[in-house]
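Throughout, read-outs are computed from the coordinates displayed, never taken from laboratory work. Only a predicted model underlies this, so the values are computations on that prediction, with no experimental measurement involved. Please note: Cβ atoms are built from the backbone with ideal geometry, for glycine as well, and neighbour counts cover all protein chains shown.
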Amino acid sequence: MHDVIIIGAGIVGCAAAYSLSKYKLRVLVVEQGPDVAMAASRANSGIIHAGYDPPPGTLMADLNVQGNAMYPDLCRKLDVPFRNNGSLVVAREGEEEQLEELLRRGRANGVPDLAILGRDEVLNREPNIAKDVAAALYAPTAGLISPWEMTLAFAQVAAVNGVTFRFNTRVTGVLTEDDRIAGLETTAGRLAARVVINAAGVHADLLAHMAGAERYEILPRKGQYLLLDKELDGWVKHTVFPLPNPKSKGVLVLPTVDGNILAGPTAEDILDREDNSTTREGLARVRESALQLFPDLPLNRVISSFAGIRAVPVDGDFIIRSSARIWGWIDAGGIQSPGLTAAPAIADKLIRLVAGLIPLQPREEHHDRRSTLRLRELPLQERQRWIQRNPLYGRIICRCEGVSEGEIVDALHGPVSATTLDGVKQRTRAGAGRCQGGFCQPRLLTIVARELGISPCAVTKAGPGSPLVAGRLNKGGAGDEE
Amino acid sequence: MGAALEARRLGVGDILVIERDKFLGGILQQCIHNGFGLHLFGEELTGVEYAQRFIDAMQREGIAVMTDTMVMEAEPGMVRAVNADGVHEIQARAIILAMGCRERTRGAINIPGSRPAGVYTAGAAQRLINIEGFLPGRRAVILGSGDIGLIMARRLTLEGAKVEAVAEIMPWSNGLARNIAQCLDDFNIPLLLSHTVVEIHGHKRLEGVTLARVDDNLQPIPGSERYIPCDLLLLSVGLIPENELSRQLGVAMDPVSQGPVVDQYLHTSVDGVFACGNVVHVHDLVDFVTLESRRAAAGAARWLARPKRGRCIPLKAGDNVSYVVPQRISVPAEEDVTLLLRVRRPLRKPEFILRSGEEQVLRRVRPVALPAEMVEIKVPAAAIPGAGELEILCRGEKR
């Protein structure tokens, strides 16, 4: 019996798990994918928004501004790189009034230190920006993180505090008795629980329906992105937005916390909730829109493209509530942008909702810190110390990102460790650089197999059904199955 | 290794070769096909055999080697490398850059679609098969008709996989003619010119690709799409010189060759830093890489004996020439100078003209020139002027 089961190991589910892990509760996270942050939490802009965008009085506005204030401290505690780069919303001549409107909205939401900058100041801060910019709304509290790393950090600390994670497990039914939650039916069998938190992202409305809770509707909306080489680090400094349109914040151009440049997303309403494929038209639109902000953006330095699906609530605002119909069912649905920013504040709100159902007793002793070894960020002389401890830290496997075999081995062990090649890539950046794994992938395959104690033929890119190779060579040809 | 051996032959005593892989030889170690060494040894060797000749010679000469070692930082006069023994700071009066190149990826050419397992660069697949011993897939489409793609079409077929097609976006192949004959024609593998992959399908493992014909502007023609089921897509869509260390050293770069700007001694813009092989420009034959490495070694040896450099005159790539190496010439030229260049498009009876201002310095006619095949032109030392600017251009009939 679990006190709380969280459905979904995205940023919201993992932030909730982290917050709940500070209490004496048996908590389980079930996730249909092979790892944390497999959907919207992986493929988004990685922005910690200041909070001038959501309409005042909404949950989105409140939780955005609260979450923004929580991140600098959280990132220090959990050793997640945070870059407080500030954001700019740029306007052309004749559009300045719209900046004033955003400024008013931001002040109503309680966003600190907003200012409107004139053309010269914008060009001074962002020298490569389009020369026809007239003014910009500057939000100094906006920042950048790796959304994936943040989700992992929440999950790892939660795991150290006793939360269990079940990956590759899909929820197929919700068990209730007398309108109370009894548990979940999953592909890994029945799981009993007193409380269920539905943080299933783009599938949350379907699960709420399945549970018999109040209905709502989520529209899947695709966003496509282009990622540029990090040799361009510094070319774009702020998170640069065009003026927002009714549907989205538009296609933006920003640095990533790792020093790449990111351009995107598009905003395309789609039907298939898992269709995260990129399209020729979509990527063309990203290029076109990005060039309007940065006419000289070196698009020949694109190293990768990807798409994510945001869970857009039809009614506009986040849906975070305890069900009045099904005791023990808590929804955290429709968490689209600024969901990443709001996540720690959403987690706090979820704790209060859980406390309204079952008693919470703080754990006297719990972990609230994490540290990660990132050798590439250390001066070479410090690397010497680590190599003396473990020679594998001196064997560089990924040349583009300078990742050692020791770091890869570390990623495959310990709490919420990698079980797939993508998992290793996310945790270490091995294969995430400009050659996109062309050089290191065959080497990673053998290291992952060795460390997990499985055949290289069983190593997957991203979970069951995605093997990297078809088999071993044999004398007769055509490869052996294993 | 070619540069190290030549430097030793020229009397340089203290030489160190640093290699990131576990063994010497680089990419040659996964090239188990033949065709290497025809120019240099007059024999058809495999890549592995070609490399072994150099490895054996290195051992005979007792040249120091650090394998499994990655150079992390470089500055003029010094490199810092990392291996399992620790961090090494190594001083050198001359540094020769020979890091080779890497393959362009799916991201660089922006193929839309999903992101399943089963999409590999041709070189990564070659390593998986020839060194690690795995079959990456059973039913393949290959995008790009560069030499590695062609060779992998044959290699996969020999291992029992079915290669459905090799698609090439250009109206001509970028591979050597002999590879098209021996790797595709001999195995009835269709080469689809003016075709590209417009979409990748499959959520977990690759399930298929959509191919389309392209127009003269290389844009897909609507209505020409066709779906091919496959579990493997290999990309052979170009090579990029790997110049991260060169940039760290502050070496001036040629935006077209994507390698350092060098003179005829393969001396870069930074004193004491030389470069050779695919890091300078992508070659099609290893024999030419070796010859270039010897010139770089000679340049380095000359620099060690007398660390002074003369004046340089620029050599520009003119009409129909995409790039030329060297991009500048130290004058007065003491020896004949070898120019290596590529044409922009296939030309019949091309006429190569080297000129200084309006004055023709040299004229060479060849039967044919293809972008896929590097052109070598020897210029006698006496023909090179002591001042001004040089330009090499090409005239010829379109093929």
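Between helix B:286-305 and chain B, what is the angle of the helix's C-alpha long axis to the longest principal axis, kept within 0 to 90° and rounded to the nearest 10?
The answer is roughly 30 degrees.
In whole angstrom, note down how far apart the Cα centers of region B:88-130 and region A:144-193 are.
Taking the Cα centre of region A:144-193 as reference, the centre of region B:88-130 is 38 Å away.
Highest first, please rank the peptides A:311-317, A:462-468 by the mean number of other Cβ atoms sitting within 10 Å of their residues.
The peptides rank, most packed first, as A:462-468, A:311-317.
Starting with the fewest neighbours, write out A:LYS22, A:LYS349, A:LYS131 ranked by other beta-carbon atoms found within 10 Å of each beta-carbon.
A:LYS131, A:LYS22, A:LYS349
With the cut-off at 1.5 for a/c, could you classify region B:105-237 from its C-alpha gyration tensor as rounded, prolate or oblate?
Verdict is oblate for region B:105-237.
Can you list the residues, at least 5 places off or on another chain, whose amide H is less than 5 Å from the amide H of A:GLU217, using H built in the peptide plane?
The answer is A:VAL314, A:ASP315.
In terms of modelled amide H atoms, which long-range or inter-chain residues lie less than 5 Å from the amide H of A:VAL36?
Residues meeting the criterion, in which the H sits 1.01 Å from N, do not exist here.
Charges only on Cβ, +1 for Lys and Arg, -1 for Asp and Glu: so what's the dipole of region B:105-237 about the Cα centre, in debye to the nearest 20?
Taking the Cα centre of region B:105-237 as origin, the dipole is about 380 debye.
How crowded by other chains is B:117-126, given as the mean number of beta carbons from other chains within 10 Å of each beta carbon?
5
How charged is the neighbourhood of B:ILE131? Take every other residue with its Cβ under 12 Å from the Cβ of B:ILE131, and add Lys/Arg as +1 and Asp/Glu as -1.
+1
Using only Cα atoms, what Kirkwood radius does chain B have, in angstroms?
The Cα-based Kirkwood calculation yields 22.5 Å.
Just how large is the dipole of the protein assembly as shown about the Cα centre, in debye to the nearest 20, putting +1 at every Lys and Arg Cβ and -1 at every Asp and Glu Cβ?
860 debye
Helix B:147-158 versus the longest principal axis of chain B: what angle, 0 to 90°, nearest 10, using Cα atoms?
Orientation of helix B:147-158: about 50 degrees from the principal axis.
What is the distance in Å between the Cα centres of region A:63-116 and region B:235-309?
47 Å
Once R0 is set to 30 Å, what does the formula 1/(1 + (r/R0)^6) return for the Cβ-Cβ distance between B:ARG395 and B:ILE109, expressed as a FRET efficiency to the nearest 0.05?
With a Förster radius of 30 Å, E is 0.40.
Using r as the Cβ-Cβ distance of B:ALA381 and B:ASP185, and R0 as 45 Å, what FRET efficiency do you calculate, to the nearest 0.05?
According to the calculation, E is roughly 0.55.
May I ask you to evaluate 6.51 cos²θ - 1.76 cosθ + 1.60, the Karplus curve with θ = phi - 60°, for each residue of region A:52-69 and list the ³J(HN,Hα) values in order in whole Hz, giving x for glycine and proline?
8, 7, x, x, x, x, 8, 4, 3, 5, 4, 5, 4, 5, 4, x, 3, 6
Can you give me the relative contact order of region B:105-237 as a percent, contacts being Cα pairs under 8 Å and 6 or more apart?
34 percent
Which angle between 0 and 90 degrees, to the nearest 10, do you get for helix B:47-61 versus the longest principal axis of chain B when only C-alpha atoms count?
Once rounded, the angle reads 30 degrees.
Between the alpha-carbon centers of region A:367-415 and region B:19-79, tell me the distance in whole angstrom.
Cα centroid of region A:367-415 versus Cα centroid of region B:19-79: 29 Å apart.
Each residue of region A:25-38 in turn: what ³J(HN,Hα) in whole Hz from Karplus with 6.51, -1.76, 1.60 and θ = phi - 60°, glycine and Pro shown as x?
Rounded to whole hertz, the list is 9, 9, 10, 10, 10, 10, 9, 6, x, x, 7, 6, 6, 8.
Would you mind counting up the charge near B:LEU192? Only other residues with Cβ under 9 Å from its Cβ, with Lys and Arg at +1 and Asp and Glu at -1.
So the surrounding residues net to 0.
Given contacts defined as C-alpha pairs under 8 Å and at least six residues apart, what's the relative contact order of chain B, whole-number percent?
Worked out over chain B, it gives 14 percent.
Restricting things to alpha carbons, find the Rg to Rh ratio for chain A using the Kirkwood radius for Rh.
My calculation of the ratio gives 0.97.
Give, in nm to one decimal, the length gained when the segment between A:ASP272 and A:MET210 is fully stretched (0.36 nm per residue of separation minus the Cα-Cα distance).
20.4 nm
Given B:LEU362, B:LEU339, B:PRO350, which one lies farthest toward the positive end of the charge dipole of region B:310-399, if we put +1 on the Cβ of every Lys and Arg and -1 on the Cβ of every Asp and Glu?
B:PRO350
Counting pairs of alpha carbon atoms under 8 Å apart in space and at least six apart in sequence, what relative contact order in percent does region A:375-458 give?
23 percent
Sticking with the crude label model, points 7 Å out along Cα→Cβ, report the distance from A:ASP368 to B:ALA84 in nm, one decimal please.
4.3 nm
List every residue whose amide H lies under 5 Å from the amide H of B:LYS316, counting only residues 5 or more places away in sequence or on a different chain, with H placed 1.01 Å from N in the peptide plane.
Sorted by chain and number, the residues that satisfy this are B:LEU390, B:GLU391, B:ILE392.
If we restrict to alpha carbons, what Rg and Dmax does the protein assembly as shown come to, in Å?
Considering the protein assembly as shown through its Cα atoms, Rg and Dmax are 29.5, 100 Å.
Regarding region B:226-361, what whole-number volume in Å³ per residue does the convex hull of its Cα atoms give?
Spelled out: Cα convex hull of region B:226-361, divided by residues, is 169 Å³.
Between beta-carbons, use under 15 Å as the cut-off and find the net charge around B:LYS316, counting Lys and Arg +1, Asp and Glu -1.
-3
Charges at C-beta only: +1 for Lys and Arg, -1 for Asp and Glu. How large is the resulting dipole of region A:375-458 about its Cα centre, in Debye rounded to 20?
200 debye
Going toward the positive end of the dipole of the protein assembly as shown, with +1 on Lys and Arg Cβ and -1 on Asp and Glu Cβ, which of A:TYR23, B:LEU28, A:PRO112 do you reach last?
Final value for the positive-end residue is B:LEU28.
Going by average Cβ density within 10 Å per residue, which order do the peptides B:340-351, A:254-265, B:118-129 take, highest to lowest?
Descending mean neighbour count gives B:118-129, A:254-265, B:340-351.
If you count, for every residue in B:16-22, the Cβ atoms of partner chains within 10 Å of its Cβ, what is the mean?
Per residue, the number of nearby Cβ atoms from other chains is 1 on average.
Filter the cross-link list A:LYS131/A:LYS222; A:LYS22/A:LYS425; A:LYS22/A:LYS237; A:LYS77/A:LYS237; A:LYS222/A:LYS461; A:LYS230/A:LYS461 down to pairs whose alpha-carbon distance in this structure exceeds 32 Å.
A:LYS22/A:LYS237
Please name whichever of B:ILE329, B:PRO371, B:ALA382 sits farthest to the positive end of the charge dipole of region B:310-399, dipole taken about the Cα centre and charges placed at Cβ: Lys and Arg +1, Asp and Glu -1.
Most positive-ward Cα: B:PRO371.
With θ set to phi - 60° and the Karplus curve 6.51 cos²θ - 1.76 cosθ + 1.60, what are the ³J(HN,Hα) couplings of region A:192-209 in order, to the nearest whole Hz, using x for Gly and Pro?
Rounded to whole hertz, the list is 7, 7, 8, 10, 10, 9, 8, 10, 8, x, 5, 9, 4, 5, 5, 6, 4, 5.
Take every residue in peptide A:5-16, count the Cβ atoms of other chains within 10 Å of its Cβ, and give the average of those counts.
Taking all residues of A:5-16 together, the mean is 0.
For region B:310-399, compute the orientation-averaged projected area of the C-alpha convex hull (one quarter of its surface), in nm².
Reported value for the Cα convex hull: 5.1 nm².
Please sort A:271-278, B:152-159, A:369-376 by packing, taking for each peptide the average over its residues of neighbouring beta carbons within 10 angstrom, highest first.
Top to bottom by mean Cβ count within 10 Å: B:152-159, A:271-278, A:369-376.
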